[in-house]
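The values are calculated or read from the model by the stated rules, or taken from the named source; none is laboratory data. For clarity, every value in this text was computed on a predicted model and none was experimentally measured. With ideal geometry, Cβ positions are generated from the backbone for all residues, glycine too; neighbour counts draw on all protein chains shown. What goes into the accessible areas is simple: the full protein's heavy atoms, side chains included, and nothing from ligands, DNA or RNA. Shrake-Rupley method; radii C 1.70, N 1.55, O 1.52, S 1.80 Å.
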Amino acid sequence: MIKDSVKNIVIPFSICVLMALALYPDSSLNPETYSTEGLELNYNISEDLAMVNQDHAVKHNLFTPHLGKSFEGFKEALAFKESRGNYFTVNTLGYLGKYQFGAETLKLIGIYTPNQFLYNPELQEKAFIANAERNKWVLRKDIERFEGKLISGVKITESGILAAAHLAGPGNVKKFLRSYGVNNLSDAYGSSVRYYMKRFSGYDTSTITPDKKARVTL
């Protein structure tokens, strides 16, 4: 009984002594070894950096390519709307690739093998240019006549006309323009000629040369 009592006292006491020795600072340490004397310690930041904005939010400088209203910007904006820029997609209606071409449109610009077209990004890019050149030739008089005018609340621009022609074909764009917006065809997903006219307005498509016989060649 006494042995157990002694054991219950000695063991906890020993543990406390060991912990105290472990936590007690080593008197042999030389504080001068860890001195900051002579170091330039400046924890202040400039007012410009501190006041990034009123909410004190830090804006990270991330690289994002800015295509703006260039022709490349036009192509990529249209491609994103059509397929989110995916070369290898086929929609529920069978339209193919990054720019969602139909088989009949491809035939007009000299492409007769849709499967080859789908797996060839270079061919798709050339098809987009050829189709735009052909559409610009078909719509050249309408571009000259209507560009700059306001139809159905939309300012008509060449890029808007070409985008709408890509969506619905140049014939339906003529109908929209010449009816002053009354004939406004929509595709199976609800995108209309007017919507494309507005969404893709104001891009620089001057590099597209009107060409009645535009064809794709690799």
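Some observations on this one:
- Net charge, Arg178 excluded, C-beta distance under 11 Å - Lys, Arg +1, Asp, Glu -1: +3
- Extending 7 Å from the Cα toward the beta-carbon at both Arg84 and Leu218 defines two label points whose distance is 2.7 nm.
- Loop chymotrypsin sites (Phe, Trp or Tyr not before Pro), segment 90-119, which have at most 14 other Cβ atoms in a 10 Å radius of their Cβ (DSSP): Tyr112, Tyr119
- Average 1/r across all pairs of distinct alpha carbons in segment 177-218, invert it, and you get the Kirkwood radius: 13.1 Å.
- In Hz, Karplus ³J(HN,Hα) per residue of segment 74-85 (6.51, -1.76, 1.60; θ = phi - 60°; x = Gly, Pro): 4, 4, 6, 5, 5, 5, 5, 5, 6, 8, 6, x
- Here Lys175 is the anchor, and the lysines within straight C-alpha reach of less than 17 Å, apart from those fewer than 8 places off in the same chain, are Lys136, Lys141, Lys149, Lys155, Lys198.
- Taking 25 °C and 0.890 mPa s as conditions, segment 118-209 diffuses translationally at an estimated 186 µm²/s according to Stokes-Einstein applied to its Kirkwood radius (Cα pairs).
- Of Val182, Val90, the order by accessible heavy-atom surface (1.4 Å probe, DNA, RNA and ligands excluded), from most exposed downward, is Val182, Val90.
- Net charge, Ala164 excluded, C-beta distance under 14 Å - Lys, Arg +1, Asp, Glu -1: +4
- Stretching the chain fully between Arg199 and Glu122 yields a gain of 25.1 nm (0.36 nm per residue, less the alpha carbon separation).
- Surface accessible to a 1.4 Å probe, Arg178 within the full protein complex, Å²: 120
- Förster radius 30 Å - calculated FRET efficiency between Val182 and Glu147, Cβ distance, rounded to 0.05: 0.95
- R0 of 25 Å, Cβ-Cβ distance Asn91-Thr113: FRET efficiency to nearest 0.05: 0.85
- Principal semi-axes in Å for segment 64-218 [√(5λ), Cα gyration tensor, largest first]: 24, 16, 16
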